Amino acid sequence: MRLRCPAMDITNPRVESYIQGLLARHDEPVLLEMEAEAKRRGFPIVGRMVGVVIEILARSIGAKRVFELGSGYGYSAYWFSRAVGPGGEVQLTDGDADNEPKALDYLGRAGLSRPIQYHVGEAVETLNAAEGTFDIVYNDIDKGDYPKAWLASRGRIRPGGLFICDNTLWSGRVTGATEEEEDRRPEWTAAIDEMNRAVAADPGYLSSILPIRDGVMVALRLD
C-alpha cells in the first residue's frame, strides 16, 4: 500500500495574503524582478514572508557571517545581505553554474553584492571545505539531503548562532496524515522528518518550527 499524504495550506490563505500586504514597503525593483522570475519559471524561492523573517533573525543575533546551503539565483541571500551589511559575509552555494551570474547581477543591482561569495558545487562539500564557524547556516538544498546537511552544519555554528531550514513541514506531509493525494517523494518526506527530529532532540540546540509558508526550522545553538 502506497503512502498517501495530503498537501495542505500551512497558513490560512487569507492570513497569508494579509501578511503579504503588510510587506509592500519592500517593493524594490530588483526584488520584484526576482519574484517575477520565480513565478514565471516555477522556481522555488522562500518568498517575501520568509525573507523578512530571516533578515529579522539575522539582525537579532548581529550576524556577520552566513553560509547558505542552496542559494539558487540569490533570493534568500538578498535578505541575509541586507542584514549583515557590506562588511559582512554571505557564502552562497548552488550546483547550477547558470545561477551564479543571475545572483551576482540581481544582488549587484540591488546594492547588496559586497558581502557575497558564490560557490558553484555541492553545498555540503563546500561547507565542509570552508574555514571557521558561522553565525547562521541556512539550509534549502534537495530535501533528501537534509539529514546530511544538519550533521554538517551543527558543529559549524557559533554558540548563540542559528541553524535555519526551509520546507520543514513539506506541505504538511511530515505529519503522516493519510488522505487523497499521493506523496510522490516519500523518501524526501522521511528525510525531512528525520532531520526535524534530530534537531529537536539535540541538547545543544533550542529549536522550533515556524508554521509560515512551508515551515521554517529555527535552532539556536546553546553551547
Taking the alpha-carbon distance from Lys64 and a cut-off under 17 Å, which aspartates and glutamates remain once sequence neighbours fewer than 8 residues away in the same chain are dropped?
Glu55, Glu89, Glu131, Asp135
Would you kindly compute the Cα radius of gyration of the stretch 19-94 and its largest Cα-Cα separation (Dmax), both in Å?
12.3, 35
For Lys39, give me every one of the lysines with a C-alpha distance below 26 angstrom, ignoring sequence neighbours fewer than eight places off in its own chain.
Lys102, Lys143
Quote the relative contact order of the stretch 13-221 in percent (integer), defining contacts as alpha-carbon pairs under 8 Å separated by 6+ residues.
17 percent
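We did not get these values from a lab; they are worked out from the coordinates using the rules stated. From a predicted model like this one, the values you see are computed outputs, not experimental measurements.
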